[in-house]
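Below: the structure, in structure tokens.
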Amino acid sequence: MSDPMSAGTFLDALKDEGLTVVEVREWRTHNRNHKGPWGPVHGVMIHHTVTTGSAETVRLCYDGHASLPGPLCHGVITKDGRVHLVGNGRANHAGLGDDEVLRAVIAERRLPHDNEANTDGNRYFYGFECENRGDGEDPWPAAQLEAIEKAAAAICRHYGWNERSVIGHLEWQPGKVDPRGFDMDTMRQRIAERLK
């Protein structure tokens, strides 16, 4: 069983991986824990935001919106490669997904195709929203891709997980397409190299 990191441990893990981290408002106590449990944690989920503009993206991920209150992730990775921490605890990012995918993540084996939405992912996954329109044309700068790699690796390193503990939202929930514009298998290869 993997207990969630404290806010301080999470911050240190990211910094120790060489990331530039921005602490946003009251992120250390900003969560949705009153809506359900947070943990045990089993992996890291990567998303794109369908937004433009770093400041507005970070604000949205902290506050959420009328139909989905924030935080919408734990960290926002902006195009400049900075990680903006917006939540610590349960966050509205993963939603319902496939229990067979969760079992594969826990076992660190190849993912099955996601074909149902029957399991609460907000309980089990750290989430990073990455600033991108998600249209397949908005570029992913090298600094941002490196930050995604480092952020995921930082969490995996803390828990002793391998790269198979990192998934995209599109691999968790049927109908999702994020992150669009880079390949999750390639990102996992990058994370594996970093963890060596």
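Of all the stretches in the chain, which is the longest one without any exposed loop site, taking GluC sites (Glu not before Pro) in a DSSP loop (any state but H, G, I, E, B) with at most 16 other Cβ atoms within 10 Å? The partial results should precede the final answer.
Details: sites that count: E26, E108, E116, E137.
Between exposed loop sites, the widest span is 27-107.
By how many nm would the segment from R103 to T20 grow when fully extended, if each residue of separation counts as 0.36 nm and the alpha-carbon distance is taken off?
On the way: separation 83, 0.36 × 83 = 29.88 nm, distance 3.24 nm.
Computed gain between R103 and T20 is 26.6 nm.
For region 82-196, what is the largest minus smallest coordinate of the Cα atoms on each principal axis, given in angstrom and ordered from greatest to least?
Principal-axis extents of the Cα atoms in region 82-196, largest first: 35, 33, 27 Å.
Compute the distance in nm between two label points, each set 7 Å from the Cα along the Cα-to-Cβ direction, one at T29 and one at L96.
Placing both labels 7 Å beyond Cα along the Cβ direction yields 3.3 nm.
Among the lysines, which fall within straight-line cross-link reach of K150, defined as a Cα-Cα distance under 26 Å, with same-chain neighbours fewer than 8 residues apart omitted?
Hits, sequence-local ones excluded: K15, K79, K176, K196.
Apply 1/(1 + (r/R0)^6) to the Cβ-Cβ distance of L68 and R133, taking R0 = 22 Å, and write down the FRET efficiency to the nearest 0.05. Don't jump to the answer; show the numbers that get you there.
Numbers: r = 19 Å, r/R0 = 0.85.
Given R0 = 22 Å and the Cβ-Cβ separation, E is 0.75.
For a quick check of your reading of the filter: which trypsin sites (Lys or Arg not before Pro) in region 99-193 sit in a DSSP loop and have no more than 13 other Cβ atoms within 10 Å?
Within region 99-193, the qualifying trypsin sites (Lys or Arg not before Pro) (loop, at most 13 other Cβ atoms within 10 Å) are R109, R110.
Regarding the chain, what whole-number volume in Å³ per residue does the convex hull of its Cα atoms give? Walk me through the numbers before you get to the answer.
Values: hull volume 21.3 nm³, N = 196.
In the chain, the Cα hull volume divided by residue count equals 109 Å³.
Among the trypsin sites (Lys or Arg not before Pro) in region 1-50, which ones are in a DSSP loop with at most 14 other Cβ atoms within 10 Å of the Cβ? Mind listing them? Please report the intermediate quantities before stating the final value.
On the way: sites: K15, R25, R28, R32, K35; in loops: R25, R32.
Passing both the DSSP loop test and the Cβ count: R25.
Would you mind getting the accessible area per residue of region 1-91, heavy atoms of the protein chains only, 1.4 Å probe, in Å²? Walk me through the numbers before you get to the answer.
Working: 3840 Å² over 91 residues.
That works out to 42 Å² for each residue.
For N162 and Q189 in the same chain, what is the full-extension length gain: residue separation times 0.36 nm, less their Cα-Cα distance, in nm? Display every interim value, and only then the final one.
Working: separation 27, 0.36 × 27 = 9.72 nm, distance 1.03 nm.
Roughly 8.7 nm would be gained on extension.
The values are calculated or read from the model by the stated rules, or taken from the named source; none is laboratory data. Predicted, not measured: the structure shown is a model, and the values here were computed from it. When we count neighbours, we look across all protein chains shown, and the Cβ atoms used for this are built from the backbone with ideal geometry, even at glycine. Accessible surface is based on the protein model in full, side chains and every heavy atom, while ligands, DNA and RNA are left aside. Shrake-Rupley method; radii C 1.70, N 1.55, O 1.52, S 1.80 Å.
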